[in-house]
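The block underneath contains the structure these notes are about, expressed in structure tokens.
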Amino acid sequence: SSSCDSTKEFEVSGLKCDQLLSSGQILPSECVSGLVELAGNPNTNPTLTSSIISLLAQLACDDNSREILHGSFNVTSTLASIIHCHNATPGEPLVLQCLQVLQKLTYNTRVFQSTNYIHELITFLVTNIQSHNDDIIMPCLGLMANLCRDNHSVQSHIKSLDNVKPFYRTLINFLAHNSLTVVVFTLSILASLTLNEKVGEKLFDAKNIHQTFQLVFNIIVNGDGTLTRKYSVDLLVDLLKNPKIAVYLTRYEHFSACVSQVLGLLHSKDPDSAAKVLELLLAMCSVSGLRSLLCEVVFRPAGPKLRAAGRRQGAGPDGGRKAECGLALVQWLSLPVEGAESCSLQALQLLNELLESCVCFCVFSQLYAEALLRTLELMSKLRQQVKDMETSFYRMLQDQRIVTPLSLALTSHHRERVQTGLSLLFEAAPLPDFPSLVLGESIAANNAYRQREAELSVKRIAVQEVPPSSILDSSNRSVHSLVEKIQNGLEVQYVTSYVVSKESRLQDLLEAKALALSQADRLIAQYRFQRAQAEAEACKLGSLLKEAERRREDLQCELSSQVLEVERSRADMEELLQHNARLQQDSEEHQALKGAYNALLNRFNESERLLKELQAAHISLTKQNDTLRKSHEAEEEKVTEKDRERKDLEETVDVLRKELNKTEQARKDARIKASSLELQKSQLETKLKQKEDELNKHSAMISMIHSLSSGKMKSDVNLSL
């Protein structure tokens, strides 16, 4: 009842609805089914309907629940029917509420044209997007963006509408709207409807696409919230599916800066925002031209720059920002798996894509080592829960490319990296193909490199601490003194030993360089081999794809011919059924006529038989008539005589009738007397019975009296009685 509506609304507002529908319980499903049916009833109180829709909005709190509500309970059709019933009042709060819940349910969900009231809903959206009601325009645009995305049937239906051109003009005017959310919704709709048409080619051509890129990146970084960021990422992902626009993005001059700002969003602890950012980066990795640029932004640090004397050496601001971008990506791997499963898996997939393409130039890197170690650590934790993860984990531990990151971790100054490296080494050492010798050489080379860097840094510090004028004076004096000592032959032995030591150091450097070059050549060879394998697999997959496409076309043609044949067969079947119905009707009419004919034939035979019998009877009657006529003439004379006798008899009968009446009267009198005698008899019998009853009573009293007296007299008394 309406008196309980507000109470129900307060009760459902505090429910914990997380994964309630996906838990598999029967009772919640039955309750939701009943509520959906109640909400779809036009006779339900609008306040109660609003409360039910609020509950459905709370239930749609995760992807599984939204899919269940959309697919199993037909909530989309129910809400569309409610909107259709109230389409005359689009500004009503109930309609706005339905639009908001529909936008939430249909996000990343395909809606088929067979869904009830979907055409009416599309017409409602197209009409109200062109209205001047700002309150309803934004939810209508968001819902339209969901319906159009990756849905060719809905796109075809919208393009077939009569007012599609004014609708396009309205959308283009919305591009100048002051709300970024409206702009993103509009661009998403236009991209879905016009990207491969002339309107889309003009809208997203080379002149406008760079402004579109800048606008979308600005919205992603500085948007109105998570909702706007989601739709902006989806828009850019859809645009990247167009090869021409993907090429435009590779030529975009601010790509690195924009991607760095987008990667900065990973510092946020919000899993939803991080998931959309990672989704965008994964979409960029699918474009070959963007993958290398993305690798450079994430992994390649800025080179060291020597500054003026008296100042410290360091990296520029870009290097620090790029390092932070990569670390922000790695941090999602180091977070606990619970609660951020999708983000961790997306980060792992992204690092896998980037590391495969960046192995040539970001191996002699600390950030790469950190990312790879975090990835291996995550795989170690997930190897028991994810199928085939353990096999991939041990295969990567036996890869030659693991040597450099592992050696960097084992020789690091950070205790956590050393512990991670030792744990991985403990897992990898027993494996048969683990490159332990190469790891030892790499650790030795890293130690030698660190020692040389320390010596060079000491010398640089010493050089930087001495003023330039003193350096010049001391060098001049040392040169003159050295010349004098050489000329005098006093320091020949010292110079020789100095040259020998320098030569040995150079030899060590050359050996380390040769070792590093051999490792690089080995890695490059491995990369080329893997690339050749990948290209071969790509060619094979391409041929398989072409074969599958050809087979699909053949099957499509065969299916079309079969469909045509089925249609023809169906038409023939319908014609045969109609002909069969007509034959059945004719057969029934024939049977009816046959029955009527048989009945008439039987009646004819019976009539003919009766006619023959009647004719025979007529002949016999004619003969009898002749005989009777002759006898009648003879008997007429006898009748005259009998008439005289009859009159005499009648007189006698009259006399007898009178006598009979007298006798009947006497019989009646006797009957009356008999009845009176019967009455007297019954009365006498009644009196007699009464006397007998009194006599029995007296006999009983006498027997009692005699029984009280002596028993000897009992037999005599009975005899006398």
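Solvent-accessible area of ARG570, probe 1.4 Å, all protein chains present, reported in Å² to the nearest ten, please.
Accessible area, nearest 10 Å²: 120 Å².
Run the numbers for ASN447 and GLN690: contour at 0.36 nm per residue of separation, minus the present Cα-Cα distance, in nm.
Details: separation 243, 0.36 × 243 = 87.48 nm, distance 14.94 nm.
Extending this stretch completely gives an extra 72.5 nm.
What's the Kirkwood radius of the stretch 561-627 in Å, using all Cα pairs?
On the way: mean 1/r = 0.0593 Å⁻¹.
Hydrodynamic radius (Kirkwood, Cα only) of the stretch 561-627 equals 16.9 Å.
Just the accessible area for THR115, please: 1.4 Å probe, Å², rounded to the nearest 10?
30 Å²
Where does each of TYR231, TYR107 land when they are ordered by accessible area, with a 1.4 Å probe and the largest first? Please report the intermediate quantities before stating the final value.
Working: TYR231 10, TYR107 40 Å².
Reading off the accessible areas and sorting them downward yields TYR107, TYR231.
To the nearest 0.05, how large is the calculated FRET efficiency for GLU567 and MET396 if R₀ is 60 Å and r is the Cβ-Cβ distance? Provide the component values of the computation, followed by the final result.
Values: r = 56 Å, r/R0 = 0.94.
Efficiency computed from Cβ-Cβ geometry: 0.60.
In terms of the Cα gyration tensor, with a ≥ b ≥ c the square roots of its eigenvalues, is the stretch 124-218 rounded because a/c is under 1.5, prolate because a/b exceeds b/c, or oblate? Let's see the in-between values first.
Values: a/c = 1.67, a/b = 1.15, b/c = 1.44.
Oblate is the answer for the stretch 124-218, as a/c is 1.5 or above yet b/c matches or exceeds a/b.
Using mean Cβ contacts within 10 Å as the protection proxy, how do 535-541, 285-291 order, highest first? Each step should come with its number before you reach the end.
Numbers: 535-541: 10.7, 285-291: 16.0.
Top of the packing list down: 285-291, 535-541.
How large is log10 of I(q)/I(0) for the stretch 30-176 at q = 0.08, 0.13 Å⁻¹ when the intensity is taken from the Debye formula with one equal scatterer per alpha-carbon?
-0.21, -0.55
I need the peptides 260-271, 93-104, 150-161, 545-556 ranked by packing, meaning the mean over residues of other C-beta atoms within 10 angstrom, with the highest value on top. Display every interim value, and only then the final one.
Details: 260-271: 16.7, 93-104: 20.1, 150-161: 14.7, 545-556: 10.7.
For the peptides 260-271, 93-104, 150-161, 545-556, the packing ranking is 93-104, 260-271, 150-161, 545-556.
Put ASP399, ASP693, ASP135 in order of accessible area, largest first, 1.4 Å probe: what do you get? Show your work: numbers first, answer last.
Values: ASP399 40, ASP693 75, ASP135 115 Å².
Sorted descending by solvent-accessible area, the residues read ASP135, ASP693, ASP399.
Which value, in Å² rounded to 10, gives the accessible area of ILE402 with a 1.4 Å probe and all protein chains present?
Rounded to the nearest 10, the figure is 10 Å².
Once you have a ≥ b ≥ c as the square roots of the Cα gyration tensor eigenvalues for the stretch 590-721, tell me rounded if a/c is under 1.5, and otherwise prolate or oblate according to whether a/b is larger than b/c.
Working: a/c = 6.10, a/b = 2.11, b/c = 2.89.
Oblate.
Largest first, what is the accessible-area ranking of SER342, SER179 with a 1.4 Å probe? Before the final figure, lay out each step's value.
Values: SER342 70, SER179 25 Å².
Per-residue accessible area, sorted high to low, gives SER342, SER179.
Using the structure shown, list the pairs from LYS207/LYS241; LYS159/LYS540; LYS244/LYS276 with a Cα-Cα distance above 30 Å, or answer none. Kindly include the intermediate steps, with their values, before the conclusion.
Details: LYS207/LYS241 19 Å; LYS159/LYS540 38 Å; LYS244/LYS276 23 Å.
With Cα atoms farther than 30 Å apart: LYS159/LYS540.
Compute the distance in nm between two label points, each set 7 Å from the Cα along the Cα-to-Cβ direction, one at SER256 and one at ASN178.
3.8 nm
The values are calculated or read from the model by the stated rules, or taken from the named source; none is laboratory data. Note that this is a predicted model, so its numbers are computed, not measured. FYI the Cβ positions are ideal-geometry reconstructions off the backbone, even for glycines, and counts take in every protein chain you see. Note: accessible area is taken over every heavy atom of the protein model, side chains too, but ligands, DNA and RNA are not part of it. Shrake-Rupley method; radii C 1.70, N 1.55, O 1.52, S 1.80 Å.
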